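Derivation of every value follows stated rules applied to the coordinates shown; laboratory data play no part. This is a predicted model, so every value here is computed, not measured. Cβ placement follows ideal geometry from the backbone for every residue including glycine, while neighbour counts extend to all protein chains displayed.
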Protein chains: 2
Amino acid sequence: MVQNLHFTNEVMPTLRRLAEQQPHNRVVCIADTNTCHLLPSLDCPVIAIPAGEDNKTLATVGMVWDRLHELGVTRNSLVINLGGGVVTDLGGFAAATFKRGLRFINVPTTLLGAVDAAVGGKTGFNHQGLKNQIGAFAPASDVVISTCFFDTLPKQELKSGFAEVLKHALLSSHEQVLSLLNHDFSAPINHEALLQQLRAAVEVKQDIVARDPNERGERKALNLGHTVGHAIEALALSHAHPVPHGYAVAWGLVAECALAGMRLHFPSSDLYRLAGFIRENYGVTGITCNDYDALIDAMRHDKKSADGEINCTLLAACGDYRVGQVVTPDEMRTALDLMRDLLGE
Amino acid sequence: MVQNLHFTNEVMPTLRRLAEQQPHNRVVCIADTNTCHLLPSLDCPVIAIPAGEDNKTLATVGMVWDRLHELGVTRNSLVINLGGGVVTDLGGFAAATFKRGLRFINVPTTLLGAVDAAVGGKTGFNHQGLKNQIGAFAPASDVVISTCFFDTLPKQELKSGFAEVLKHALLSSHEQVLSLLNHDFSAPINHEALLQQLRAAVEVKQDIVARDPNERGERKALNLGHTVGHAIEALALSHAHPVPHGYAVAWGLVAECALAGMRLHFPSSDLYRLAGFIRENYGVTGITCNDYDALIDAMRHDKKSADGEINCTLLAACGDYRVGQVVTPDEMRTALDLMRDLLGE
């Protein structure tokens, strides 16, 4: 899977250069109602999908296919996905399946998108209440990663993305984790520093994806925090109180590091420090024991699960991960108890 | 793209052996209402989609996704597509996108499916009146090719598939073409001979696909007869009088070999012989000059077309093909006139 990453705050010149690299008959931008104005000098038709995770549906994909058709898009056209994870996931799927596949470039506009969805070739949409239930492995030809869109991001969005930066650090090294746990969300963004932190995080992901593009094995490492995180997210959505993806992942990291402490002796000092940072910046989950059955049911339907088992990536230490750890429902209940304790719930 | 082909009339033992080659938690068969009973000893749940090209829709794909979900299918499950081109195209797409991709095996039950749709990794469905408008390049892990289902095929189905066998011969050699033009559809099937003809045809396709899996160049050779054929098919469908795919391809071969005569001096003796065989076995198109505008419009929206151009693969001689030939509307009108003349219309 070839996917070229460009870390830059000169977005338009980079896009112009990338567009020129390959002949194409037209350019179409897929964005959402929030991001469609972010690159005013982009001179092409824009398909604006309704913003938000609950629009990441088959109906929206169908709308995008219809618009691509109306705009006369062919296999020789170029699609630019400009937006957060919903846009790059769904726009990527639409582009990858329209006439069996167009070239597309991702321009993530959120920290979460930049560190997670836009890189690595996963595309898809939600179906039957399950996140990314339908999708394809289809790499963007290029990803233009920039922090220039982040100044206007709500603090909550920034925190949501930072949880994924943290996840990548946990998969990489103790030092990388410590450097992030000092982060102060009340200070203005230091673009140079953040672009470097982002680069470090994305490189962790790239390395893992390059070794396992279709998630047959090692790529499951990137699922750290997500078995519990996705379940929390699905539960919140089913209660019509959606939580930001990164918040769910942050809480999932606490639960799964607690599990890792029980299973693999992940150091409790690291667990406490991580949980402290997450409690301070991400607050509480609002989950009660009455939710455990629904959470465990969702975990069993996770794409990574085989045959109803609960499957996690667990850390023996920062940077030392073990994929494919099967967890019993009882262990998971204990981990959820520990998570709530550590978050002060 | 790795896709293992098995030419055999021992279908069930082959399937059992293939299933055993890779661990899986469950097997699900996707078939249609005609083919779901063809392998009675297949011991697994069957998702039966309504038979016929006009059910090759997003609604049917959605139904298959829902059933896969209900059946508890995971990434470690195995899908067997048992049917003609609609089943292998649509079932392949559903399997390739469910949880971002399951392993699937194609078991084509028609000659057309065996020589065309089931092999080569193209999956998809029709959308907005355009054939295979949405899809993915996703190879079956294995394709089990057998003639044992063909005894009960209507003669029309057999002829439809034979047109694709003929197309592959045209891409291969004069000798291969001549050996087919003696075919007698009124005789009972000679299974051994047909399996060998099928193997020769599929090997032509495999060779081309191996050199160009994503249709960037040479694979367009396989489009021979299909620029005109697809347009005839779409027109017939829009008039609620669908024609078998292979009939449309057979007529398309005549039109495109007539074009090749004008453009590349394809020998007229070969053109007349081909047209004679097709007139005798496939009859007339029923097209009039009043249909030309609609046909040309459909050709311009073909997936292989760039920016409204009409794009064909043309032969300078049997086995000597040129992809990416841009044809003017006037040339196409002349070719359609010639096609109708040669077919005695």
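Which of the listed residues, B:Gln133, B:Thr33, B:Thr152, is farthest toward the dipole's positive end in the range B:4-152, when Lys, Arg count +1 and Asp, Glu count -1 at the beta-carbon? Positive-most Cα among the choices belongs to B:Gln133.
Contact order normalised by length for chain A, with contacts defined as Cα pairs under 8 Å and 6 or more residues apart; what percent is it?
Details: 625 pairs, mean separation 49.7, N = 345.
Averaging sequence separation for qualifying contacts and normalising by length gives 14 percent for chain A.
Simple point charges give the picture: +1 on the Cβ of Lys and Arg, -1 on the Cβ of Asp and Glu, and for the protein assembly as shown a dipole about the Cα centre of about 580 debye. Relative to the dominant Cα principal axis of chain B, helix B:245-264 is inclined by about 40°.
Across the identical copies, the label point of A:Val284 (7 Å from Cα in the Cβ direction) is separated from its matches by 8.2 nm, in order from shortest.
Can you tell me, using C-alpha contacts under 8 Å and at least 6 residues apart, the relative contact order of the range B:4-152 as a whole percent?
Once divided by the residue count of the range B:4-152, the mean separation gives 27 percent.
Computed over chain A with a Gaussian network model linking Cα atoms closer than 10 Å, the most mobile of A:Asp184, A:Asp142, A:Asp54 is A:Asp184. Each copy carries A:Glu70; placing its label point 7 Å along the C-beta direction from Cα gives inter-copy distances of 3.4 nm, listed from smallest up.
So in the protein assembly as shown, what percent of DSSP beta bridges are antiparallel if you round to the nearest 5? Given both bridge residues lie in the protein assembly as shown, the antiparallel proportion sits at roughly 35 percent. Taking a sphere under 12 Å around the Cβ of A:Val46 and counting the other residues whose Cβ falls inside, with K and R at +1 and D and E at -1, yields a net charge of -1. Per the rotation superposing chains A and B, the chain A residue found at the smallest beta carbon distance from the axis is A:Ala136, 3, distance in Å.
Distances over 27 Å make up what percent of all Cα-Cα pairs in the range A:4-152?
Details: 1229 of 11026 pairs.
The proportion of pairs with Cα distances above 27 Å equals 11 percent.
For A:Gly324, the label point sits 7 Å beyond Cα toward Cβ; its separations from the matching points on the remaining copies run 4.4 nm, from shortest to longest. DSSP assigns beta bridges within chain B; of those with both partners inside it, close to 35 percent run antiparallel. Of all beta bridges that DSSP places with both ends in the range B:4-152, some 20 percent have antiparallel geometry. For chain B, modelled as a GNM whose springs connect Cα atoms under 10 angstrom apart, the maximal fluctuation among B:Arg263, B:Arg103, B:Arg219 occurs at B:Arg263. With only Cα atoms counted, the protein assembly as shown has Rg and Dmax values of 27.4, 87 Å. Once both axes come from the Cα atoms, what is the angle between helix A:155-172 and the longest principal axis of chain A, in degrees from 0 to 90, rounded to 10? That helix lies at roughly 70 degrees to the long axis.
With only Lys, Arg, Asp and Glu charged, each at its Cβ (+1 for the first two, -1 for the last two), find how big the charge dipole of the range B:4-152 is about the Cα centre; round to the nearest 20 debye. List each step's numbers first, then the result.
Values: 11 positive and 12 negative charges, 107 e Å.
Its charge dipole is roughly 520 debye.
Measure nothing fancy, just the Cα-based angle from helix B:191-211's long axis to the longest principal axis of chain B, in degrees from 0 to 90, nearest 10. On a 0 to 90 degree scale, this one is about 80.
Springs between Cα atoms under 10 Å define the GNM used for chain A, and in it the highest mean-square fluctuation of A:Gln196, A:Gln21, A:Gln206 occurs at A:Gln21.
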